[in-house]
Amino acid sequence: MNGSASADVVDRDLIAGWLHARSVARALPTPVADHGGWRVDTRSEQEWCRYVFVDPAPAIADLAQSIMQPKVYVKLCQDDAVLRALLPSKWQICAPSWMMTAGATPLAETPLSDGYLPEVEIVGNVVRVAITAADGALAASGYAAEASGVFVYDRIVTSPDHQRRGLGRAVMGLLQAQRRSSASREVLVATAQGRALYTSLGWSVYCPYATAVIPDAEP
């Protein structure tokens, strides 16, 4: 399925493949089935675990009622308002994001400005691209991984001092060149700022990706 998905036609296999590939890219445990969606036990300082759902369902409300602590994230492939309606008032909706899929045309190679050097590192099934500036500072970077029929792009970052120089586009192109199977769907999750970049590269919004969490208590 290319382009956007209507609210009731989100491809469950695509989301499962994306979540698996994302876990590979971040060296996280394999997602496990839970409450009709999936759970990833991230166990980081910022996030204890996350639950990902394709469809709104009463199980999400039941799960949210049982969670009392912060740093447990619930994510749903729907608009923020749909997720908000399923949650108790103590839950907070996070900044909006979107699941996006690549267009059919591969990215053209992006020449780098003088002084920038690209490096591509492949460790197992994970690709890391880093672009350094002339002074050795990290100017832009990103990761990718391929699993379960999905090639996921992850943590695409350009340093504020090096933005608007085509580095994000260059990182995406270098990562894309490492995709092994032409049948693997290219997927990422974008913030509002990232969405503008990826749209300019021919990507399309596939579905909204709402996130909620119980905020940390005030100190």
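Can you quote the Å³ per residue value for the convex hull of the Cα atoms in region 165-219, rounded to an integer?
Working: hull volume 8.7 nm³, N = 55.
Considering the Cα atoms of region 165-219, their hull volume per residue is 158 Å³.
Can you list which of the trypsin sites (Lys or Arg not before Pro) found in region 138-219 are DSSP loop residues with at most 14 other C-beta atoms within 10 Å? Let's see the in-between values first.
Values: sites: 155, 164, 165, 169, 179, 180, 185, 195; in loops: 164, 165, 179, 180.
Those satisfying the criteria are 164, 180.
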(request) Taking every pair of Cα atoms in the chain, average 1/r, invert it to obtain the Kirkwood radius, and report Rg/Rh to two decimals. (result) 0.98
(request) Would you mind getting me the FRET efficiency between residue 79 and residue 177? Use the beta-carbon distance for r and R0 = 25 Å, nearest 0.05. (result) 0.15
(request) Give me the distance between the Cα centres of region 139-204 and region 72-138, rounded to whole Å. (result) 6
(request) Note the full-extension length gain between residue 113 and residue 48 as 0.36 nm times their separation in residues minus their Cα-Cα distance, in nm to one decimal. (result) 19.4 nm
(message) Using only Cα atoms and rounding to the nearest 10 degrees, what angle (0 to 90) does helix 167-176 make with the longest principal axis of the chain?
(response) 80
(request) With unit charges on the beta carbon (Lys/Arg positive, Asp/Glu negative), name the residue among 200, 174, 127 whose Cα is farthest towards the positive pole of the charge dipole of region 117-201. (result) 200
(request) Return 91, 18 ranked ascending by Cβ neighbour count within 10 Å, so the fewest neighbours appear first. (result) 91, 18
(request) Would you mind checking the tilt of helix 12-25 against the longest principal axis of the Cα atoms of the chain, expressed as 0 to 90 degrees and rounded to 10? (result) 60
(message) Using a Gaussian network model on the chain with a 10 Å cutoff between Cα atoms, which of 79, 135, 62 fluctuates the most?
(response) 135
(message) On a full-extension model of 0.36 nm per residue, what is the gain between residue 121 and residue 159, subtracting their alpha-carbon distance, rounded to one decimal in nm?
(response) 11.7 nm
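Rank these for me by crowding, 94, 207, going from fewest to most other beta carbons within 10 Å. Intermediate results must be reported in sequence, preceding the final value.
Numbers: 94 15, 207 23.
Arranged by neighbour count, lowest to highest, 94, 207 become 94, 207.
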(message) For region 54-127, take the convex hull of the Cα atoms, compute a quarter of its surface area, and give me that in nm², please.
(response) 9.2
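Tell me, in nm to one decimal, what length is gained between residue 138 and residue 69 on full extension, where the rule is 0.36 nm per residue of separation less the Cα-Cα distance?
Value of the extension gain: 21.3 nm.
Each value in this text was obtained by applying a stated rule to the coordinates, not by laboratory testing. On a predicted model such as this, the values are computed, not experimentally measured, just so you know. When we count neighbours, we look across all protein chains shown, and the Cβ atoms used for this are built from the backbone with ideal geometry, even at glycine.
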